Amino acid sequence: MSILGYSLYPSLKKSFPRLVAMLRPAAERFVQLSGYRQMGLKYDDLLMEEHSIAQKALGRLSERETYDRFYRLKRGHQLACVHQILPRNEWTKPEDDIRYLTPIIKELEAEAQEKADFDSVKVTKVKSIKSPASL
C-alpha cells in the first residue's frame, strides 16, 4: 500500500465527472472543517513521516521548504497546545495549499516499484537458433 493511501478520485473523475463536480463543495467544506488550514498547515504537513519513503522524500526537499515545513509544524503544535487558531488573515489559503511532498513520494514509490520489478526478473537461457544465413 502506498503511503498516500488509496484514492478513488482519478477513476471517479474519469468515469463520473458530473458526480465529482457535485461533490466538490462537500469536499471543500470537509477540508475547511478539518482545521489544518486554520493552524497555518498544508495538507502534506499531515502525512505520516515515520514511513521510510516519507523520510527519503523529506530528505529531497529544498532547504527552504524544509525550514518552512518545520516552522508550520512548530506553530501548529503550539496552537494545539493552547487550544487556539490563527487569525483569519494568517490561515493557509486554498490556492497556497499545494502538494509539495506528494510528487516526491510518488516518484520514490515508482522508483521502489521499478527496483522491485527489476529485482524479480528471472533470467532464462535461450537455446541458440541457427539463422538461415549461417547454414
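Just so you know, all these numbers are worked out from the coordinates, no wet-lab data involved. Computed from a prediction, not measured in an experiment: that's the story for all the values here. We place every Cβ from the backbone using ideal geometry, glycine too, and count neighbours over all the protein chains shown.
Things worth noting here:
- Applying the criterion of being more than 19 Å from S34 (Cα to Cα) and among the basic types (K, R) to the residues of region 98-115, the residue that is surrounded by the most Cβ atoms within 10 Å (Cβ to Cβ) is K106.
- Cβ pairs under 6 Å, 6+ apart, first in region 28-51 and under 17 Å from L101 (Cα atoms), second surrounded by 15 or more Cβ atoms within 10 Å (Cβ to Cβ) and charged (D, E, K, R): G40/R72; G40/R75; L41/R72; K42/D97; Y43/D97; D45/R72
- Residues of region 1-46 that turn out to be surrounded by 14 or more Cβ atoms within 10 Å (Cβ to Cβ) and among the charged types (D, E, K, R), as a count: 4
- Test: residue in region 106-128 that is touching a residue at least 24 places away in the same chain (Cβ under 8 Å) and hydrophobic (A, V, I, L, M, F, W, C): yes
- Of all residues making up region 56-76, the number that are free of Cβ contacts under 8 Å to residues at least 24 places away in the same chain and either charged (D, E, K, R) or surrounded by fewer than 12 Cβ atoms within 10 Å (Cβ to Cβ) (or both): 9
- The residue of region 30-74 that is farthest from E95 (Cα to Cα), among those that are under 16 Å from the mean Cα position of the chain (by Cα) and small (G, A, S), is S52.
Residue-by-condition table, conditions (1) under 19 Å from the mean Cα position of the chain (by Cα); (2) loosely packed, with under 14 Cβ neighbours inside 10 Å; (3) farther than 29 Å from L33 by Cβ:
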{"site": "Q84", "(1), (2), (3)": "no, yes, no"}
{"site": "D96", "(1), (2), (3)": "yes, yes, no"}
{"site": "D117", "(1), (2), (3)": "no, yes, yes"}
{"site": "K127", "(1), (2), (3)": "no, yes, yes"}
